[in-house]
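Asker: The structure that follows is given in the form of C-alpha cells.
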Amino acid sequence: MNCDGVRGLLSAYVDGELSAGELLRVEQHLRRCHWCADEVDALRQTISLVASLDEVALPPAFHAQLHQRLVAMAPPVMTARRPAFRRWTVPAAAAAALVIGVAGLNQFNLLAPQPPVAQVGTVEGNSQLAMNPTHVENPVTAQEPGDTDAEPNSQQGGTSKENDQTAITPPIVVEPPVENGGEGRSTTPLGPTSNEPGIQTASFVADIAEPASYKSARQPGAQVEAAVAEPASLALALRNHFGEAASESVDPATGTIRLQVSLPASDFATGLAFVEGQTGQKGTDTSVALDLAQLDKIYEELMTLEQKRQDAEARKAGLTDQASITLAEQELKQLEQKAAEAQENYRKLVDLSATGTIDVTLKPLTAR
Amino acid sequence: MSKSLDELLVERAKKGEVEAFEQLISQHQKTVYNIAYRLTGNHEDASDVAQEAFIRAYSSLADFRGDSSFATWLYRIVNNACLDELRKRKRQRLTYIDEAVTLDDGEMGRQIADTADGPEQALERVEVQRAVQESINQLDDEYRVVLVMRDIQGHSYNEIADALGINLGTVKSRLNRARNALKEKFGSLELLTPRVVYSGRRGRSHEL
C-alpha cells in the first residue's frame, strides 16, 4: 500500500478501528515509511491536544437561569372536564384474554407524538417534542400507591412539590417559530428577558403542542349492544366499575338500559375491553378523526399573539421612563389575557378530542 | 423493592417537581455545558443550548422509561439540542466567533488553569487551549460534531454513526478530515512537536 492509500486510514488506525486486513497493510507500510509515521505522530498529538481541553466552568448564572426557566414552564395541559373516576386495574388474566382493537387508537399515546425530532426554528420544522398525556396517567406511573385523581384546572408548574398526590407529568415546551430575525431562543432579539428580575411575560406557546402533533390522533368512540337476561344488574356492574364516568338512562317501556361511559383516550381501550368482557359482545368502532382545522386556527392566533408579545417585550426592554414602561406593561397584560383565552379554547378542544364515549345498550332478552 | 436514588428522583420529577429534576441533573450540568461549549464554540450559545437540552429533558421525562440510564438518555437529548443549534445557525448564517467571545473564554480559562503550574505556564496553557478551541470552531459543522463526539466525548465510531444517523464510512472520513484540518492548523500555530527522525535505521521507528 502506498502513502496515499494509507493516509486516509491513519485516523481509524490511531483509534483501532481498522479491519484486520487494513491493519496489516497499514502497519507494514508504517514500518517502511517515516513520513507516514510522522503523520501518525502528528495525528496523535492533535488528538491529544483536543482531548486535553480543560473542562470549562459553568457560568455563574447558569443554575439560576435554568431554575427560572424550569419553574416558569407553564403547567401541563390539563383537562377541565375529566370525570373523577377511579383508576381501576383490569385483572391481568382478563386483560390478556380480551381483544383490544379500536381502530386507529394508540392506547397510551393519543396525545404523544413520536420521539422528539428536535428541530427548533422554523414553523414547519417545529419541534415535535413528546407531549405527555398529562391529564391521564402514563401507564408506567399509573399504579403508584396514593395516587388520586388529578385535579382539574390546577395550576401546578413549580409549586407541584406541594401537591405530591397529583400526577402531573412535566410540561411541554415548544419553541416559537423563528422567522423574522428572531433568534429562536427564549430571548428577544435585544437580549435575554426571562432571566431578569421582575420577570416579564412567558411565552404564550410554551405549553401548547402544535396541531400537527395530533395528526395521527383520533377521538375514540365505540358502541356495544347486547341482549342480556338482566340488563339492570349488568348496568349496575358497569356503573360500579366506571363510577361517575358512566351515566345511565332507562327506557321503561322496553326495559332497555343505555349507558354512556366517558373515558380519557389512554383509558379507552381498557375500558372498552371491560365492557366487552362483561357483555360478551364486541364493540363497533365509532372513532372519528380529529378536526384539526379548529386547532390550527387557534394555534395561529396564539402564534400571532406570541409574536406581538415578543415585539412588545423588545420595545419595553428599550424603554427608560416609567410612564412608557407602565404603558408597555399594560399592553403586555392585554396580550396575556387574549392569549389565556386562546389557550383555554385550545385546551378545551384538545380535551374534547382526548375523551371518547362508549355507548352501551343493554336490551332484555325476550323470552318467548 | 428498593429503588436507586435516580429512579426515585425521576419519579418525582415526572410529577413536575422541579427540585427533583434539578437534583437529577446536578451531576451532569457541567459536562453538558462543556459538550455544548465545545460544539458551539462560545459561552453564550453553550449556555442557551445546555439549558435548552435540560428543558427538553424535563418536558419529555414521561418518555423516559428507564431502559437506559438517565445519563445516556440525557446525553442523547443534549446531542440533539447541540445539533439543532448548529443547523439553526447555518440557516441564520450568524457567526459566533468573535474577539469579544474568545476574550471571555480566556477569562474563564484562567479560572480553571492548573494552579500547580507557575503563572507563566498557566498563561501559556490558557493560550494553547484558546487556540485549540478556536481551531475547532473553524471546522465545518459536520466535521466538528464528529470530532467533538470522538475526541472530547469519547464515543465509539458506532455510537457516533447511530447518534448522527450516518454510516460508519462517513464517520471515518469526517473524522479523518477534521483531525487533518486541525493538524494543519496546529502545525501552523506551532503547537506540534516534530518527531525525532531515525535516519538510516531499519525496522520500527515508532511505537505502534
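The values are calculated or read from the model by the stated rules, or taken from the named source; none is laboratory data. Small disclaimer: the values here were computed from a predicted structure and weren't measured. Neighbour counts run over all protein chains shown; Cβ positions are idealised from the backbone, glycine included. Accessible surface areas use protein heavy atoms only, side chains included; no ligands, DNA or RNA. Shrake-Rupley method; radii C 1.70, N 1.55, O 1.52, S 1.80 Å.
Asker: So, of the residues in the stretch B:52-75 that are charged (D, E, K, R) and out of contact with any Pro (no Cβ under 9 Å at 6 or more places or on another chain), which turns out to be farthest from the other protein chains (Cβ to nearest Cβ)? Spell out the reasoning first.
Answerer: Just the residues of the stretch B:52-75 that are charged (D, E, K, R), to begin with: B:52, B:56, B:63, B:65, B:67.
So of that shortlist, the ones also out of contact with any Pro (no Cβ under 9 Å at 6 or more places or on another chain) come out as B:52, B:65, B:67.
Numbers: B:GLU52: 7, B:ARG65: 6, B:ASP67: 11 Å.
The extreme case among them is B:ASP67.
Asker: Return the residue satisfying two criteria in turn: it lies in the stretch B:17-34 and is open to solvent by less than 10 Å² (accessible area, probe 1.4 Å) and either in contact with a Gly (Cβ under 7 Å, 6 or more places away or on another chain) or among the β-branched types (Val, Ile, Thr) (or both), and of such residues it is nearest to A:LEU70 (Cα to Cα).
Answerer: B:VAL18
Asker: Filtering the stretch A:53-62 down to residues that are without any contact (Cβ under 8 Å) to a residue 24 or more places away in the chain and either in a loop (DSSP other than H, G, I, E, B) or more than 7 Å from chain B (Cβ to nearest Cβ) (or both), which residue is farthest from B:ASN176 (Cα to Cα)?
Answerer: Restricting attention to the stretch A:53-62, the residues satisfying the condition of being without any contact (Cβ under 8 Å) to a residue 24 or more places away in the chain are A:53-60, A:62.
After this cut, where a residue has to be either in a loop (DSSP other than H, G, I, E, B) or more than 7 Å from chain B (Cβ to nearest Cβ) (or both) as well, the list is A:53-60.
Details: A:LEU53: 20, A:ASP54: 23, A:GLU55: 24, A:VAL56: 26, A:ALA57: 30, A:LEU58: 31, A:PRO59: 33, A:PRO60: 36 Å.
It comes out as A:PRO60.
Asker: Just one of A:VAL50, A:VAL56, A:VAL71, A:VAL40 is within 42 Å of the chain's Cα centre (by Cα) and under 14 Å from B:LYS183 (Cα atoms); which is it?
Answerer: A:VAL50
Asker: Could you list, in sequence order, the residues of the stretch A:43-52 that are without any contact (Cβ under 8 Å) to a residue 12 or more places away in the chain and surrounded by fewer than 20 Cβ atoms within 10 Å (Cβ to Cβ)?
Answerer: Those that are without any contact (Cβ under 8 Å) to a residue 12 or more places away in the chain and surrounded by fewer than 20 Cβ atoms within 10 Å (Cβ to Cβ): A:GLN45, A:SER48, A:ALA51, A:SER52.
Asker: OK, next. Return the total of residues in the stretch B:132-167 being in contact (Cβ under 8 Å) with a residue 60 or more places away in the chain and facing another protein chain (nearest Cβ under 9 Å).
Answerer: Residues flagged as in contact (Cβ under 8 Å) with a residue 60 or more places away in the chain and facing another protein chain (nearest Cβ under 9 Å) within the stretch B:132-167 amount to 4.
Asker: Related question: Grab the helices (runs of 4 or more DSSP H) fully contained in the stretch B:32-132, keeping just those with 2 or more residues being modelled with pLDDT of 85 or more and either closer than 23 Å to A:ALA206 by Cβ or over 21 Å from the mean Cα position of the chain (by Cα) (or both). Give the derivation first.
Answerer: Values: elements: B:43-59, B:70-92, B:99-112.
Those helices (runs of 4 or more DSSP H) span B:43-59, B:70-92.
Asker: So if I check each of A:ALA289, A:ALA317, A:ALA269, which one is under 22 Å from the mean Cα position of the chain (by Cα), of a type outside the set (Lys, Arg) and open to solvent by 40 Å² or more (accessible area, probe 1.4 Å)? Full working, then the answer.
Answerer: Working: A:ALA317 fails: under 22 Å from the mean Cα position of the chain (by Cα); A:ALA269 fails: open to solvent by 40 Å² or more (accessible area, probe 1.4 Å).
That would be A:ALA289, the only listed residue that is under 22 Å from the mean Cα position of the chain (by Cα), of a type outside the set (Lys, Arg) and open to solvent by 40 Å² or more (accessible area, probe 1.4 Å).
Asker: Under 6 Å between Cβ atoms, which residue pairs at least 6 apart in sequence (or on different chains) link something in the stretch A:236-252 that is under 15 Å from A:LEU263 (Cα atoms) with a partner that is hydroxyl-bearing (Ser, Thr, Tyr)?
Answerer: A:ALA245/A:SER262
Asker: Need pairs with beta-carbon distance below 9 Å; first residue facing chain A (nearest Cβ under 7 Å) and within the stretch B:185-201, second at pLDDT below 70 and open to solvent by less than 90 Å² (accessible area, probe 1.4 Å); sequence gap 6+ or separate chains.
Answerer: Note: pairs meeting the criteria are B:ARG195/B:SER205; B:ARG195/B:HIS206; B:VAL197/B:SER205.
Asker: Let me ask something additional. Taking A:GLN294 and the conditions (1) in a helix (DSSP H, G or I); (2) open to solvent by less than 70 Å² (accessible area, probe 1.4 Å), which numbered condition does it fall short on, given that it satisfies the others?
Answerer: (2)
Asker: Suppose we keep only residues that are at pLDDT below 75, among the aliphatic types (A, V, I, L, M) and more than 30 Å from A:GLY318 (Cα to Cα) within the stretch A:186-233. Which one would you say is surrounded by the most Cβ atoms within 10 Å (Cβ to Cβ)?
Answerer: Ranking the qualifying residues of the stretch A:186-233, first place goes to A:ALA217.
Asker: Turning to a different aspect of this structure: Within the stretch A:237-285, can you find the residues that are over 13 Å from A:VAL360 (Cα atoms), among the acidic types (Asp, Glu) and not in a strand (DSSP E or B)?
Answerer: Result: A:GLU244, A:ASP267.
Asker: Does B:ARG150 count as buried (at least 18 other Cβ atoms within 10 Å of the Cβ), within 22 Å of B:GLY187 (Cα to Cα) and either more than 14 Å from the chain's Cα centre (by Cα) or among the basic types (Lys, Arg) (or both)?
Answerer: Working: buried (at least 18 other Cβ atoms within 10 Å of the Cβ): yes; within 22 Å of B:GLY187 (Cα to Cα): yes; either more than 14 Å from the chain's Cα centre (by Cα) or among the basic types (Lys, Arg) (or both): yes.
Criteria met by B:ARG150.
Asker: Just to be sure I understand, how many residues within the stretch A:1-32 are at the interface with chain B (Cβ under 10 Å from one of its Cβ atoms) and more than 47 Å from the chain's Cα centre (by Cα)?
Answerer: Result for the stretch A:1-32: 7.
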